[in-house]
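Enquirer: Sharing a structure, written as structure tokens. Questions coming.
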Amino acid sequence: MAAAAGHPVPPARLDRIRADTTEPAAPRATLLYRDLTAGYPVEGEQIIGDLVECAHRLGVAVPLLELVRPNLRVHQARVG
């Protein structure tokens, strides 16, 4: 999506971002992930929803984000 918006990310940087944010024990886990796993409210629409809407405007398919979005809505409804 960044490349479609005119801001390509170098492959090595992308690999590092993935490693820093997707490993369960990563010290740089995202706040959304930490809040979600702790059962706290999350800013799903503000983060994931915004990414989905931006992707749609750019014509980029984001099927995983489209699956995550309603799941975060359910989580948010449960925890308030």
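The values are calculated or read from the model by the stated rules, or taken from the named source; none is laboratory data. What you see is a predicted model, and the numbers here were worked out from it, not measured in a lab. Note that we place each Cβ from the backbone using ideal geometry, even for glycine, and neighbour counts take in every protein chain shown. Side chains are part of the model used for accessible areas, which takes the heavy atoms of the whole protein and leaves out ligands, DNA and RNA. Shrake-Rupley method; radii C 1.70, N 1.55, O 1.52, S 1.80 Å.
Enquirer: Please go through (1) part of a helix (DSSP H, G or I); (2) loosely packed, with under 13 Cβ neighbours inside 10 Å for Ala2 and return the number of the only condition it doesn't satisfy.
Expert: (1)
Enquirer: Against the conditions (1) open to solvent by less than 80 Å² (accessible area, probe 1.4 Å); (2) touching a residue at least 12 places away in the same chain (Cβ under 8 Å); (3) in a loop (DSSP other than H, G, I, E, B), where does Val9 fall short? Just the number, please.
Expert: Failing condition for Val9: (2).
Enquirer: Right, another one. List the pairs whose first member sits in region 19-41 and is within 24 Å of Arg78 (Cα to Cα), whose second member is assigned to a loop (DSSP other than H, G, I, E, B) and open to solvent by 90 Å² or more (accessible area, probe 1.4 Å), and whose Cβ atoms are under 8 Å apart, counting only residues at least 6 apart or on separate chains?
Expert: So the pair list comes out as Ala29/Glu23; Leu32/Glu43.
Enquirer: If Glu45 meets every condition in (1) open to solvent by 50 Å² or more (accessible area, probe 1.4 Å); (2) of a type in the set (D, E, K, R); (3) more than 19 Å from Ala77 (Cα to Cα) apart from one, which number is that one?
Expert: (3)
Enquirer: For region 56-80, name all the residues that are assigned to a helix (DSSP H, G or I), of a type in the set (Val, Ile, Thr) and in contact with a helix residue (DSSP H, G or I) (Cβ under 6 Å, 6 or more places away or on another chain).
Expert: Correct list: Val68 only.
Enquirer: Filter region 14-38 down to the residues that are small (Gly, Ala, Ser) and surrounded by 11 or more Cβ atoms within 10 Å (Cβ to Cβ) and list them by number.
Expert: Correct list: Ala19, Ala26, Ala29.
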